[in-house]
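The values are calculated or read from the model by the stated rules, or taken from the named source; none is laboratory data. Owing to the predicted nature of the structure, the values given are computational and were not obtained by experimental measurement. Cβ coordinates were reconstructed from backbone atoms using ideal geometry, including for glycine residues, and neighbour counts include every protein chain displayed.
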Amino acid sequence: MSFHVVEQATARLNRSELAVPGSQSKLFEKAAKSAADVVFLDLEDAVAPDDKEQARKNIIQAIGDIDWGNKQLSVRINGLDTHYMYRDVVDVVENCSDRLDLIMIPKVGTAADVYALDMLVTQIETAKARKKRLGFELIIETALGMQNIHEIASASKRNESLHFGVADYAASTKARTTSIGGANPDYAVLTDALGDGSRATHWGDMWHYAISRMVVAARANGLRPVDGPYGNFSDAEGFRAQALRAAVLGCEGKWAIHPSQIALANEVMSPSPADVARAVRIIAAMKEAEAQGRGAVSLDGRLIDYASIRQAEVLVKKAEMIAAH
Ligand code: GLV
Ligand code: MG
């Protein structure tokens, strides 16, 4: 390990993160009863300009009045380039009950954006003597945000997670797609002629670089990387495949923009019982090896060593968190 110790953000289960428009208060009770780990009440892109003010009121009331169970609660404010943002922060942080856990900041472009929000939130928390310190969820969804992602990730002690906002990221980078997340047939490799003369097309993952880069920035700063929306909510298989790709790269959660996506995200982002059982066996086998003065041994015909313990401990810790939930 480096001499530099990576401090881990507040641990929260973040397998599924349900987006709920703040203007649609009729959806709040259902969201509170859902199986989502985190619910974010939106003031930004799912709310029309004329509804912003009422959405703030709905959210403040609902956070205080509704029984949200053991969910983590977040509010997505508007971007720093809009005139809605300051009022979102002032109204929400001044008036929301202490049930609120997180503020989600969209379209973060520079570390100074996070710094500015930290200053504002800190002043309001102090003035209002709020008991719970709010954490930040940061959406990386612009070319500028991706360019500055490492500085952004370390810009505040409030930072807890980075989220890949694929829709705005595509718009910002002028990527040739109109869908929200998922695969694109134009992003493919055409093989040379095979034995029979035919050529095969292998679809690639156009989001691989962006998600990988976000995972590195998040983990290097002790934050949770979370994959954002998958727009086609009728395509459960497509959602699952996208979530699996994100999970394999290190993401620990995925947004649900429709209630049907919650169970899928929870399933994909939870270690399977078989994986947990194997992790427990790895830890036991390594303990035994250590007692015999050995650093690497074989288990089921495969090499395991101290790195295997660290991998296994990540899985076991996650399983314990889920069991305690
Ligand atoms: C989320 O905000 C996105 O733009 O994908
Ligand atoms: Mg967005």
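Here TYR209 does not qualify as touching a Phe, Trp or Tyr at 6+ places or on another chain (Cβ under 6 Å), in the same structural domain as ALA155 (by TED's automatic domain parsing) and among the aromatic types (Phe, Trp, Tyr). Listed conditions (1) under 19 Å from the mean Cα position of the chain (by Cα); (2) under 20 Å from MET104 (Cα atoms) are all met by SER172, apart from (1). For residues that are in contact (Cβ under 8 Å) with a residue 60 or more places away in the chain and more than 15 Å from PRO229 (Cβ to Cβ), scanning just segment 32-47, find the one that is farthest from ligand 2 (Cβ to nearest atom). Going through the qualifying residues, I end up with ALA35. Evaluated against (1) within 16 Å of ligand 2 (Cβ to nearest atom); (2) in a helix (DSSP H, G or I); (3) surrounded by fewer than 16 Cβ atoms within 10 Å (Cβ to Cβ), THR178 falls short on exactly one condition, (2). Write out, first by first residue and then by second, each pair whose Cβ atoms fall under 7 Å of each other, whose residues are 6+ apart or on separate chains, and whose first residue, in segment 99-127, is closer than 26 Å to ASP67 by Cα while the second is more than 16 Å from ligand 2 (Cβ to nearest atom) and among the acidic types (Asp, Glu). Final answer for the pair search is LEU102/GLU160; ILE124/GLU94. Scanning segment 5-20 for residues that are closer than 22 Å to ASP51 by Cβ and surrounded by fewer than 21 Cβ atoms within 10 Å (Cβ to Cβ) returns no hits. If you go through segment 187-213 and pick out every residue that is surrounded by 10 or more Cβ atoms within 10 Å (Cβ to Cβ) and within 29 Å of the chain's Cα centre (by Cα), you end up with 13.
Restricted to segment 235-319, the set of helices (runs of 4 or more DSSP H) holding at least 1 residues that are under 21 Å from LEU18 (Cα atoms) comprises 236-249, 260-268. Restricted to segment 56-80, and to residues there that are within 16 Å of ligand 1 (Cβ to nearest atom) and not polar (S, T, N, Q), the residue that is nearest to HIS325 (Cα to Cα) is VAL75.
Of all residues in segment 164-180, those that are in contact (Cβ under 8 Å) with a residue 12 or more places away in the chain have Cβ atoms under 7 Å from Cβ atoms of residues that are among the acidic types (Asp, Glu), 6 or more apart or on another chain, in PHE164/ASP227; GLY165/GLU141; ASP168/GLU141; TYR169/GLU141; SER172/GLU141. Scanning segment 197-241 for residues that are touching a residue at least 12 places away in the same chain (Cβ under 8 Å) and of a type in the set (S, T, N, Q) yields THR201, SER212, ASN221, ASN232.
Between ASP118, ASP98, the distinction of being closer than 21 Å to ALA32 by Cα and away from ligand 2 (no atom under 16 Å from the Cβ) belongs to ASP98 only. Filtering segment 242-250 for residues that are touching a strand residue (DSSP E or B) at 6+ places or on another chain (Cβ under 7 Å) and on the phi > 0 side of the Ramachandran plot leaves a non-empty set. Filtering LYS107, LYS71 for residues that are surrounded by 19 or more Cβ atoms within 10 Å (Cβ to Cβ), within 21 Å of the chain's Cα centre (by Cα), within 28 Å of MET146 (Cα to Cα) and basic (Lys, Arg) leaves a single hit, LYS107. Taking first residues from segment 136-153 that are assigned to a strand (DSSP E or B) and partners that are more than 13 Å from ligand 2 (Cβ to nearest atom) and among the acidic types (Asp, Glu), the Cβ contacts under 7 Å between residues at least 6 apart in sequence or on separate chains come to PHE136/GLU160; GLU137/GLU160.
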